[in-house]
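Below: one structure, written as structure tokens.
All of the numbers you see were taken from the coordinates with simple rules; none came from a lab. Fair warning: this is a prediction, and the values are worked out from it, not measured in the lab. Here Cβ is always computed from backbone atoms with ideal geometry, including for glycine, and neighbour counts include all displayed protein chains.
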Amino acid sequence: MSVVLLTGAERILLGGPAWEEASGDLLIRDGSIQAVGGDLAARAPGARVVDASGLTLMPGLVQTHVHLCQTLFRGLAEDRSLLPWLRECIWPLEAAHDPDSLRASVELSILELLLGGTTTILDMGTTHHHGVVFETLERTGLRAASGKAMMDEGEGVPVGLLETTLDSLRESFDLAERWDGAADGRLRYAFAPRFVLSCSDILFREVVSLAKDRYLLHTHASENSNETDVVERLKGRRNIEYFEDVGFLGPRTLLAHCVWLSDREVECLATSGSRALHCPHTNLKLGSGICEVGRLRDAGVHVSIGCDGAPANNGLDGFAEMRAAARLAQLKSGPGSLTAPDVLTMATLGGAEALGWDDRIGRLEPGKDADVIAVDLHTPHATPVADPLTALVYSCRAGDVRHVLVSGEVLVESGQAVRMDAPAIVREAEKQAQRARERAAPEVPRLRPGAVS
Ligand SMILES: [Zn+2]
């Protein structure tokens, strides 16, 4: 039996939407929260003790849209809008991955995510080697739903990523059989047809027919106006209407971006219970537009938050993403349309709800899995703390996270990774990034020898 006691927290934020507070200790037994608040030392003889004095405990951040496979390409896909960004940079770089470079990318991502207080993600991979992603997730302790990207057609899709419909389905199901529910349920499979412009009708329809009842479905939708125009031209209807027609929408369907939507499309999302995944920094950096979070929420669409891929961000800091979401909502829907408690709930319990994991995570209460982070609010950039929720959303940074636990496992203690060798991971990432860049150079103009970067 494993017992962990977080001691002496200045405050314990139990979670959204009400964000009640306690203080003192938090007791974890066999990965589950057993008691919250007060002096619990007498109930935890022999426990592993983690000092949380002066810190704020809260549920770990849940990011519902990331690409672990892309982190190795941070800084290599600048100054482009979505389709050139994919076709000229990201796809050729993904096609240059081998298992070693993919592993290095995933390890680097997980290290950054854990050190910054993210305990759960929804990940979309590249088309090949995806077993490496799950093996690394299993070993490092992050909670994740993940799936290989499915790409069986589309303009600009490189040969190295293109797959047959049958191979795409077969490989996805093999991975789902192997990994869905693995690591005591910490890992799940999410089918991931990349987006309309890289997947055939038959692929979408087969995923709906074979996978929709058992697995999460994860894709991109309506990120950029040019993309939505091309979808409309090719399919004869708007992006979300296409998903409705092929049966892709539903409560287990998660759609990244949802920036360019007609009123009818918003209604489709709301009535089907489909989930919107808001990635504000990516939308800004690729010049895509600003998701109307207030409009979606008012219509009854569930919205959660993610950093997307590192080359579009250029980081995986969940605190920065919350801040961007909060600020952009004031601009788009008016001051007060999305409060700090609202954003913090979207980034914790909201993410858990989107993934169907809210029975296990998202709040700190007895019986839930112990996905807990401890944040230092006594920093020059967050002091004075007039309201802790406001400080967490508008002032705190990834580097303010001191301890991180997933299922009661201490993965970060005093700002240091426990299971992962951070310096070695950074060194390996540099080495593998260089090799991947060399492999990709013939296909990526800016990486060719002599090119001006
Ligand atoms: Zn994405």
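Assorted remarks:
- For 113, 216, 377, order by how many other beta-carbon atoms lie within 10 Å, fewest first: 377, 216, 113
- In plain terms, the chain from residue 419 to residue 139 could stretch by 99.9 nm, reckoned as 0.36 nm per residue minus the Cα-Cα distance.
- Averaging the Cα positions of each part gives two centres, and for the stretch 375-424 and the stretch 195-259 these lie 36 Å apart.
- Plainly put, the stretch 300-372 has a radius of gyration that is 1.01 times its Kirkwood radius, both from alpha-carbon atoms, as the Rg/Rh ratio.
- Among the GluC sites (Glu not before Pro) within the stretch 157-192, not one is in coil by DSSP while having at most 14 neighbouring Cβ atoms inside 10 Å.
- Low-density loop cleavage sites - trypsin sites (Lys or Arg not before Pro) in the stretch 352-453, where at most 14 other Cβ are within 10 Å (DSSP): 419
- The GluC sites (Glu not before Pro) of the stretch 1-67 meeting both criteria, a DSSP state outside H, G, I, E and B (loop) and at most 15 other C-beta atoms within 10 angstrom of the site's C-beta, are 20.
- Cα gyration tensor shape for the stretch 61-354, rounded if a/c is under 1.5, else prolate or oblate: rounded
- When the helices of the chain are scored as -39500 (n - 2.57) per DSSP H run of n ≥ 4 and the total is divided over every residue, the value at 222 nm lands at -10000 deg cm²/dmol.
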